[in-house]
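Read the figures in this text as sums done on the coordinates, not as results from a lab. The model shown is predicted, which means the values in this text are computed figures rather than measured ones. Reconstructed Cβ throughout: ideal geometry from the backbone, glycine too, with neighbour counts over all protein chains shown.
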Amino acid sequence: MTAPRSVAPRIAIVHERFTEYGGSEAVVAELHETWPGSEVFAPIVDPSGIRPPLRQVHGTWLSRAYAGTGRRSHAPLLPLAPRALRRLPLDGRFDAVVISHHAFATQAAFATEAPTIAYVHSPARWAWDPGFRAQEAGGRAGRFALAALGALARRCESRAAPRLTHVIANSHAVADRVRDWWGRPATVINPPVDIHRFTPDPGVEREDFFLFAGRLVPYKRPDLAIRAAQRAGCRLVIVGDGRFRTHLDTLAGPETTFLGPASDEVLQDMYRRCRALLMPGIEDFGIVPVEAMACGAPVLAVGLGGALDTVRPGITGGYVDPGPDDAVTAAFAAAMTDFAPAAYDPAEIRAHATTFAPAAFRARMSDAVAQILDN
């Protein structure tokens, strides 16, 4: 049933899980701000994964199962998530269901006859891309488990895709995956970035180091940043932590400094003082480069994935050609050696970052859903 224009639509928001707070959870918070009366659902909910403005998320029996394990890992529960999502109490209560999707959330489309709008962070790359899956799986047991889970995710995504009323991708790269893997067209609405939390400081001078920031996991390729810094003889500061850290310690030389996990204040200070941020991995979108640009920092990125949506060559940074690891390392090293900070205007970089502000995201999402309900 279509909501009258004069009445606020009844919106349900479905997310995959709230087990920790990250970029996709921040998107759900902004979706809730877009429709303040909306209700939020997820099969697995840990209260520590919820932050204001979200106050309440409706979980399922999987939340109790997760708590019963001491919240050590949600991974063993993921094969049960599709069933829990298909049984969410959505039917007949809402004018539209907005789904925040990583791998299984689109199964909520089977729980309602209302229009369903999927905001896709990405189809499950580890399910569809064998190379990505091999990179992420650890050991023989890990490869076997991820292959089995990937088969389930592909099956679930393929079955749900025709049922979705509309698909929105968070970048053009993700829209291409939706087309190739789901056979569906997708419009693009870039995710919100809290550019007000990260600001420039004209009183802080840029220093002679490059920055890598983010989780230390294989697909983000911090190893390439380390090797490029060694080859260029440049200082590199790494902010973040993760399961790849032990391996990175064996690669790093004296030119690399690990700061570990850092507060927003420390991260902002690094954004303000670095020569440029390095982005050697292929991101679905990439929140970190926009945060860096909000502080006036240029970004050097591989010219694939979400970087194509965020980096403007010659204005906010530059692209490194994709290719084999050795070629990418050499290209980053050359870009670092030749980097000229004076070629970039921090104010212009900051102005570009403001186009990803939350208000712009909320307006575009509101318009997209309103058009669907009006048709």
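Farthest towards the positive end of the charge dipole of the chain, among the residues TRP181, VAL239, ALA360, is the Cα of TRP181, using unit charges on the Cβ of Lys, Arg, Asp and Glu.
Only one residue of LEU278, GLY260, ALA335 has its Cα farthest out toward the positive end of the dipole of the stretch 210-355, where Lys and Arg carry +1 and Asp and Glu -1 on Cβ, and that residue is GLY260.
Considering only SER38, SER263, SER171, give the residue with the highest GNM mean-square fluctuation for the chain, with springs between Cα atoms whenever their separation is below 10 Å. Among SER38, SER263, SER171, the largest mean-square fluctuation in the Gaussian network model of the chain belongs to SER263. Once divided by 2.2 N^0.38 Å, the Cα radius of gyration of the stretch 15-162 becomes 1.03. Taking the number of Cβ atoms within 10 Å of each Cβ as an exposure proxy, the fewest-first ranking of HIS101, HIS196, HIS166 is HIS196, HIS166, HIS101.
What do you get for the angle between helix 139-160 and the principal long axis of the chain? Use alpha-carbon atoms, 0 to 90 degrees, nearest ten. The angle comes out near 50 degrees. Rounded to the nearest 20 debye, the dipole magnitude of the stretch 210-355 is 200 debye, with +1 charges on Lys and Arg beta carbons, -1 on Asp and Glu beta carbons, and the Cα centre as origin. Compared with the direct C-alpha span, the chain from VAL7 to THR187 gains 62.2 nm at full extension, assuming 0.36 nm per residue. So for the stretch 85-140, Kirkwood radius off the Cα pairs, Stokes-Einstein at 25 °C and 0.890 mPa s: how many µm² s⁻¹? Result for D is 192 µm²/s. Label sites at ARG245 and TYR219, each approximated as a point 7 angstrom past Cα along Cα to Cβ, lie 2.1 nm apart. What dipole magnitude, in Debye to the nearest 20, does the chain give about its Cα centre under +1 on Lys/Arg Cβ and -1 on Asp/Glu Cβ? Charge dipole, the chain, about its Cα centre: 1420 debye, nearest 20. Histogrammed with a bin width of 10 Å, the alpha carbon distances of the stretch 218-375 distribute as 10, 37, 35, 12, 5, 1, 0 percent, first bin at zero.
Once the convex hull of all Cα atoms in the stretch 6-91 is built, its volume per residue stands at 89 Å³.
Secondary-structure-derived ellipticity at 222 nm for the chain, considering helices only, amounts to -11000 deg cm²/dmol, per-run term -39500 (n - 2.57) for DSSP H runs with n ≥ 4. Once both labels are positioned 7 Å from their Cα atoms along Cα-to-Cβ, the gap between ARG179 and ASP374 label points is 2.7 nm.
Considering the stretch 200-251, its Cα convex hull presents a mean projected area of 4.2 nm².
If you wrap the Cα atoms of the chain in a convex hull and average its projected area over all directions, you get 18.4 nm². Applying the criteria of a DSSP loop state and at most 13 other Cβ atoms within 10 Å to the GluC sites (Glu not before Pro) of the stretch 87-165 yields GLU113.
Looking at SER38, SER48, GLY59, which one has the Cα that reaches farthest to the positive end of the dipole of the stretch 12-87 (charges on Cβ: Lys, Arg +1; Asp, Glu -1)? Checking the options against the dipole of the stretch 12-87, the answer is GLY59.
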